[in-house]
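Here is the structure we will look at.
The values are calculated or read from the model by the stated rules, or taken from the named source; none is laboratory data. Computed from a predicted structure; not experimentally measured. Cβ: placed from backbone, ideal geometry, glycine included. Neighbour counts: every protein chain shown.
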Amino acid sequence: MPLLDGLRVVFSKIHGYGVITTRPFKAGDIVVYGDGVLYQADAEFDDTYALILPGEDSGKGDPLFWDLADQTRWFNHSCEPNTDVRSKWDHEADTMRAWWVALRDIPVGEEITYDYAFTAEVAEACACGAPTCRGLIVDDDPENLAKLPEHLRPLLRMPSRAAS
């Protein structure tokens, strides 16, 4: 696995491993392009580190799973993330491209995070430590939250979109 410029894998205060910056990033900078293996929804594979991406432009079905195969697999979730993951189907290469963009200035030594926004069916307890932590790793869309399993509801803190 090649090293990614400006990033280093470390033990995380959030969960397991994490990735910190070794150089600063400015808001709007592309932090990194990820690498992975593409799977269709009906494939059997370990999806622990997979991004679920829209596949409508691919002709391969929707959704697609992109199993991260570089240090991006260690990016942890945060309810107040410092990056956003973006994706686009690359017709020429017949694969998905994904990259992380800094949402704000990120200083040296800060852990890279993004909002996993899980569907309610696979939501899990959150340990991000952000002041506005939702208590769960879950998409805070009210329609999604309505599907939240009963045993997880007590962990949910008032999410911003659902509160408005």
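Here are the numbers for this structure:
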| read-out | value |
| --- | --- |
| Some residue of the stretch 50-71 being under 20 Å from V9 (Cβ atoms) and assigned to a loop (DSSP other than H, G, I, E, B) | yes |
| Any hit, the stretch 64-86, residues being on the phi > 0 side of the Ramachandran plot and surrounded by fewer than 19 Cβ atoms within 10 Å (Cβ to Cβ) | no |
| Residue within the stretch 120-133 that is outside any loop (DSSP other than H, G, I, E, B), touching a strand residue (DSSP E or B) at 6+ places or on another chain (Cβ under 7 Å), closer than 27 Å to R157 by Cα and at pLDDT 90 or above present | yes |
| Some residue of the stretch 115-135 being surrounded by 12 or more Cβ atoms within 10 Å (Cβ to Cβ), in contact with a Phe, Trp or Tyr (Cβ under 7 Å, 6 or more places away or on another chain), of a type in the set (A, V, I, L, M) and within 24 Å of G34 (Cβ to Cβ) | no |
| Matching residues, the stretch 21-48, being part of a strand (DSSP E or B), modelled with pLDDT of 95 or more and either surrounded by fewer than 18 Cβ atoms within 10 Å (Cβ to Cβ) or of a type in the set (S, T, Y) (or both) | T21, I30 |
| Out of S58, S87, sole residue that is under 23 Å from D140 (Cβ atoms), in contact (Cβ under 8 Å) with a residue 24 or more places away in the chain and among the small types (G, A, S) | S87 |
| Odd one out for L4, checked against (1) in a loop (DSSP other than H, G, I, E, B); (2) in contact with a Leu (Cβ under 7 Å, 6 or more places away or on another chain); (3) buried (at least 17 other Cβ atoms within 10 Å of the Cβ) | (2) |
